[in-house]
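Asks: Just passing along the structure, written as structure tokens.
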Amino acid sequence: MTTHTDAPTPHPDAPDTHTEVRGFPFGEPVRLDPHPLLAKLQREEPVSRIRLPYGGEGWLVTRYEDVKTVLADPRFSRAAAVDREDIPRITPETARPDSLLSMDAPEHTRLRKLVMSAFTKSRVQRLRPHVREIVDTLLTSMESSGPPADLVAALALPLPVTVICEMLGIPPQDQHRFREFSDTILSTTAATREQIAVARAGLEAYLAEQVARRRTDPSDDLLGALVAARDENDRLSERELVNLGMGLLVAGHETTANQIGNFTYTLLTTPGRWDQLRDHPELIPTAVEELLRYVQLGSGGSAPRIATEDLELSGTRIRAGEAVFVHSQTANRDESVFPDAETLDLGRERNPHLAFGHGFHHCVGAQLARLELQVALDALVHRFPHLDLAIPAADIPWKAGMLVRGPKALPVRWQTRE
């Protein structure tokens, strides 16, 4: 079970090193544009004081090396933020117990080991032919209907949903249910706290039903393996089992679905980039890494981490008990690490981006996301070499009030085959 760590009380006599406290996020996201204040803070105030929509004030970290430190140093605790209303945060709900994202070692390590074997690079690569089949089927359907088409509905959403549901053993007829659940659960302002709680409870109840089915009819899918780990080896609690399945479902499709749309939009609106990828498809692996670095997926900061002792980042004193937020997307444009960071360089060779995090909370499904993004882009540039937006870029509708950015719809057109 998760150990609930109480955050130490800050020293009452510790001096404040910053006087300006800025409201965060710094405004509603505009398309995929980074907020200009973030780059300024990275240069001039890399550890800045912010006021969150819920729970009070914290620190925002924007430089690459500082972000890596916060993500990897065990003195910054995720478990200390669990079920506490006084913890600063972007979302209405507090961090939940028994969730992989809310755990520190050793509990986090125990649960992570249960799923990592399904997401190793070698095992994921064996899925490539099947993922390509799924993509080809989806694009054939899109092509047969003729342009224009909504790339979000035709490819970006159904691809990752299909893949993660197949891995977990979720029946095809139920897969559509997770889109609404996920959009609500990942809300910041798009849904009320009550609506988020209802969506979470609905998803938990559904997964509990799936767990019960596997107890009467065992399966060899990922969810079946987790049930066996619970029942045969007592390696996780019942609540941990359901929460782990829920986390895999939500994280396993939501970010990738948005990034397929984001990547395509970015390539089509950055002069010369779609043509470059079409003419040099061998660049697709490095292009995916560069797009992961460059595209501003998140709408705000990360989940809060609590300092468990006094320490220092870039000359700023962080006191025990204070909340710290990293902005990995700004760190991914740190010129000290990524020369010419504001340029989308599809052939960038050294690219140690933090799109999947860092340290022991590095994304479990990183290899699967890479595979899906590579296959999707490869198929698109081959099937639709002259793809273009079907409406002006300024008219693309974007999601709002969510933790992640992405187009609601991405109308595209292409030259039909004679």
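The values are calculated or read from the model by the stated rules, or taken from the named source; none is laboratory data. This structure is a prediction, so every number in the text was calculated from the model and none was measured. Cβ: placed from backbone, ideal geometry, glycine included. Neighbour counts: every protein chain shown. Ligands, DNA and RNA are excluded from the accessible area calculation, which covers all protein heavy atoms including side chains. Shrake-Rupley method; radii C 1.70, N 1.55, O 1.52, S 1.80 Å.
Asks: Taking Asp220 as the residue in question, decide whether it is within 30 Å of Leu138 (Cα to Cα), under 22 Å from the mean Cα position of the chain (by Cα) and open to solvent by 10 Å² or more (accessible area, probe 1.4 Å).
Replies: No; evaluated as a whole, the condition is false for this residue.
Asks: Across region 398-418, what is the total count of residues that are more than 26 Å from the chain's Cα centre (by Cα), part of a loop (DSSP other than H, G, I, E, B) and at pLDDT 95 or above?
Replies: 1
Asks: Here is a follow-up. Would you mind stating whether Gly261 is small (Gly, Ala, Ser) and at pLDDT below 95?
Replies: no
To keep it simple, each residue is scored yes or no on (1) farther than 26 Å from Asn243 by Cβ; (2) in contact with an Asp or Glu (Cβ under 8 Å, 6 or more places away or on another chain); (3) charged (D, E, K, R); (4) at pLDDT below 95.
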{"position": "Pro10", "(1), (2), (3), (4)": "yes, yes, no, yes"}
{"position": "Asp13", "(1), (2), (3), (4)": "yes, no, yes, yes"}
{"position": "Gly27", "(1), (2), (3), (4)": "yes, no, no, yes"}
{"position": "Leu60", "(1), (2), (3), (4)": "yes, no, no, no"}
{"position": "Arg63", "(1), (2), (3), (4)": "yes, yes, yes, no"}
{"position": "Ile87", "(1), (2), (3), (4)": "no, no, no, yes"}
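Asks: Still on this structure, please answer the following. Considering only residues that are touching a residue at least 12 places away in the same chain (Cβ under 8 Å) and under 19 Å from the mean Cα position of the chain (by Cα), look in region 25-60 and name the one that is surrounded by the fewest Cβ atoms within 10 Å (Cβ to Cβ).
Replies: Only one residue fits best here, namely Asp33.
Residue-by-condition table, conditions (1) open to solvent by 10 Å² or more (accessible area, probe 1.4 Å); (2) of a type in the set (Phe, Trp, Tyr); (3) touching a helix residue (DSSP H, G or I) at 6+ places or on another chain (Cβ under 9 Å):
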| position | (1), (2), (3) |
| --- | --- |
| Tyr265 | yes, yes, yes |
| Leu268 | yes, no, yes |
| Leu277 | no, no, yes |
| Glu282 | yes, no, no |
| Pro285 | yes, no, yes |
| Glu289 | yes, no, yes |
| Thr308 | yes, no, yes |
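Asks: Considering only residues of region 65-85 that are open to solvent by 20 Å² or more (accessible area, probe 1.4 Å) and assigned to a loop (DSSP other than H, G, I, E, B), which is modelled with the lowest pLDDT?
Replies: Asp83
Asks: Quick one: in region 320-336, of everything that is buried (at least 19 other Cβ atoms within 10 Å of the Cβ) and either more than 22 Å from the chain's Cα centre (by Cα) or of a type in the set (S, T, N, Q) (or both), which residue is nearest to Ala80 (Cα to Cα)?
Replies: Once the filter is applied, the top-ranked residue is Glu322.
Asks: Taking the stated definitions as given, is Thr137 within 21 Å of the chain's Cα centre (by Cα) and either at pLDDT 95 or above or polar (S, T, N, Q) (or both)?
Replies: When the stated conditions are applied, Thr137 does not pass them.
Asks: Look at region 94-126 and say how many of its residues are among the hydroxyl-bearing types (Ser, Thr, Tyr) and not in a loop (DSSP other than H, G, I, E, B).
Replies: The qualifying residues number 4.
Asks: If I filter region 185-204 down to residues being open to solvent by 20 Å² or more (accessible area, probe 1.4 Å) and either acidic (Asp, Glu) or out of contact with any helix residue (DSSP H, G or I) (no Cβ under 9 Å at 6 or more places or on another chain) (or both), which single residue comes out as modelled with the lowest pLDDT?
Replies: Of everything passing the filter in region 185-204, Thr189 is modelled with the lowest pLDDT.
Asks: Now a separate question. Is it the case that some residue within region 176-185 is assigned to a helix (DSSP H, G or I), of a type in the set (Ser, Thr, Tyr) and within 24 Å of Glu28 (Cβ to Cβ)? Let's see the steps before the verdict.
Replies: Of region 176-185, the ones assigned to a helix (DSSP H, G or I) are 177-185.
Next cut, of a type in the set (Ser, Thr, Tyr) only: 182, 184.
Still in the running and within 24 Å of Glu28 (Cβ to Cβ): 182, 184.
Yes, region 176-185 contains at least one residue that is assigned to a helix (DSSP H, G or I), of a type in the set (Ser, Thr, Tyr) and within 24 Å of Glu28 (Cβ to Cβ).
Asks: Would you confirm, using the coordinates I've provided, whether Leu371 is more than 29 Å from Glu85 (Cα to Cα), assigned to a helix (DSSP H, G or I) and either modelled with pLDDT of 95 or more or more than 22 Å from the chain's Cα centre (by Cα) (or both)?
Replies: yes
Asks: Count, please, the residues in region 95-106 that happen to be open to solvent by 10 Å² or more (accessible area, probe 1.4 Å) and either touching a His at 6+ places or on another chain (Cβ under 6 Å) or modelled with pLDDT of 85 or more (or both).
Replies: The number of residues fulfilling the criteria is 3.
Asks: So, one more: Determine which single condition Glu349 fails, assuming it passes every other condition in (1) open to solvent by less than 20 Å² (accessible area, probe 1.4 Å); (2) among the charged types (D, E, K, R); (3) modelled with pLDDT under 95.
Replies: (1)
Asks: State yes or no: is Asp395 open to solvent by 20 Å² or more (accessible area, probe 1.4 Å), more than 27 Å from Thr189 (Cβ to Cβ) and more than 20 Å from the chain's Cα centre (by Cα)?
Replies: Taking the combined requirement at face value, the residue does not satisfy it.
Asks: Among Gly300, Gly359, which is modelled with pLDDT under 95 and open to solvent by less than 20 Å² (accessible area, probe 1.4 Å)?
Replies: Unique residue meeting the criteria: Gly300.
Asks: Okay, moving on. For Val163, work out the one condition from (1) within 17 Å of the chain's Cα centre (by Cα); (2) β-branched (Val, Ile, Thr); (3) at pLDDT below 90 it doesn't fulfil.
Replies: (3)
Asks: Taking Arg177 and the conditions (1) open to solvent by 60 Å² or more (accessible area, probe 1.4 Å); (2) within 30 Å of Ile90 (Cα to Cα); (3) over 21 Å from the mean Cα position of the chain (by Cα), which numbered condition does it fall short on, given that it satisfies the others?
Replies: All conditions are met except number (3).
Asks: With the structure loaded, tell me whether Leu226 is surrounded by 18 or more Cβ atoms within 10 Å (Cβ to Cβ) and within 24 Å of Ala156 (Cα to Cα) or whether it fails that test.
Replies: Considered against the rule, which asks whether it is surrounded by 18 or more Cβ atoms within 10 Å (Cβ to Cβ) and within 24 Å of Ala156 (Cα to Cα), Leu226 comes out as no.
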